[in-house]
Amino acid sequence: QTGVAELWLANSDCTQLTQLTRFERPGVVGSARWSADGSRIAFDRHADGEIDIYSIDVNGGNLRRLTTSPATDILPDWSPDSSSIYFTSRRSGPWNIWKMAFPEGEAVQVTRHGGWESIVSTDHRLLFFTRADTLWQKDLLSGEESIIPELAEIQVERNWDLTNQALFYIPRRFLESSSIYRFDLLTRQIR
């Protein structure tokens with residue numbers, strides 16, 4: 001609406017449209033994710049040859065640039081207690097998942113053999129992430145990374161999300177209608 005890509009907020013019925021950011025310079029804003037307490041939004045912004053992670057309060061205050069590395073930093077997601085942000089970066093060469101304390105902290109590499117989009121389990125024990133469009137998990141205590149066996153043949157791209165009980169996904173299937181599937185984390189059943 002302003003001629004520049006900005007982050008906006010609206011009710012689910014598209015009423016009360018509110019502009020949150022005011023960069024007023026050309027760029028692309030995307031990958032917005034709510035903090036667990038609903039008070040902040042993290043997002044990535046591509047502008048002036050740099051791609052970094054930002055956060056802003058839902059009232060439009062406290063805009064913060066969280067990453068300043070010359071590497072590409074994208075796809076932020078909050079830890080369940082909103083104390084950290086996980087994100088995807090090429091700081092070590094290939095795409096991997098990194099983590100930093102919020103609002104300030106040193107970024108540390110979490111995955112070692114590749115990773116794209118990630119979500120942490122509500123108990124902080126497992127990091128779920130995609131690698132080559134398939135769903136993987138990393139035990140954050142042992143450090144073990146493994147493909148989810150029941151979902152090894154399913155490609156999801158970015159079409160998945162996590163609750164405290166299940167992983168929901170839409171498989172990437174060409175020329176077929178899309179369905180939403182639920183993978184129960186306890187019973188390991190898919191429906």
Taking Cα atoms only, Rg over Rh for the stretch 115-154 with Rh from the Kirkwood formula is 0.95
Taking alpha-carbon centroids only, the stretch 1-32 lies from the stretch 63-103 a number of Å equal to 21 Å
Non-local residues with an amide H under 5 Å from the amide H of LEU126, with H modelled 1.01 Å from N and Pro and chain starts lacking one, are SER121, LEU140
Checked the stretch 1-124 against the a/c 1.5 cut and the a/b vs b/c comparison, axes a ≥ b ≥ c from its Cα gyration tensor; verdict oblate
For the chain, the percent of accessible surface on carbon and sulfur atoms (probe 1.4 angstrom, ligands and nucleic acids excluded) is 49 percent
Kirkwood radius from Cα pairs of the stretch 96-191 plugged into Stokes-Einstein at 37 °C, 0.692 mPa s, gives D in µm²/s equal to 233 µm²/s
Rounded to one decimal in nm, the spacing of the 7 Å Cα→Cβ label points at ASN62 and GLN19 is 2.3 nm
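So how strong a dipole does the chain carry about its Cα centre when Lys and Arg Cβ are +1 and Asp and Glu Cβ are -1, to the nearest 20 debye?
Once rounded to the nearest 20, the dipole reads 160 debye.
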Heavy-atom accessible area of LEU17, protein chains in place, probe 1.4 angstrom, given in Å² to nearest 10, is 90 Å²
Of the residues ALA32, VAL156, ILE74, the Cα lying farthest along the dipole of the chain towards its positive end, which is defined by charges on the beta carbon of Lys, Arg, Asp and Glu, belongs to VAL156
With the 1.4 Å probe rolled over protein heavy atoms, the stretch 1-89 has an accessible area per residue in Å² of 50 Å²
Accessible-area order for ARG172, ARG191, ARG65, largest to smallest, probe 1.4 angstrom, reads ARG191, ARG65, ARG172
Between the modelled labels at THR122 and ILE148 (7 Å from Cα along Cα→Cβ) the distance in nm is 1.6 nm
Scalar couplings 3J(HN,Hα) for the stretch 48-60 by Karplus 6.51 cos²θ - 1.76 cosθ + 1.60 (θ = phi - 60°), nearest whole Hz, x for Gly and Pro, are 6, x, 10, 10, 9, 9, 10, 9, 8, 5, 5, 8, x
Ordering VAL108, VAL120 by the accessible surface of their heavy atoms, 1.4 Å probe, largest first, yields VAL108, VAL120
Once PHE102, PHE43 are ranked on solvent-accessible area with the largest value leading and a 1.4 Å probe, the list reads PHE102, PHE43
Between ILE180 and GLU104, Cβ-based FRET efficiency (R0 30 Å, step 0.05) works out to 0.20
Protection proxy (average C-beta count within 10 Å per residue), highest first, orders 139-145, 51-57 as 51-57, 139-145
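The values are calculated or read from the model by the stated rules, or taken from the named source; none is laboratory data. The structure presented is a predicted model; accordingly, all values stated were derived computationally and were not measured. Neighbour counts run over all protein chains shown; Cβ positions are idealised from the backbone, glycine included. Remember, those area values only see protein heavy atoms, side chains included, never the ligands or the DNA or RNA. Shrake-Rupley method; radii C 1.70, N 1.55, O 1.52, S 1.80 Å.
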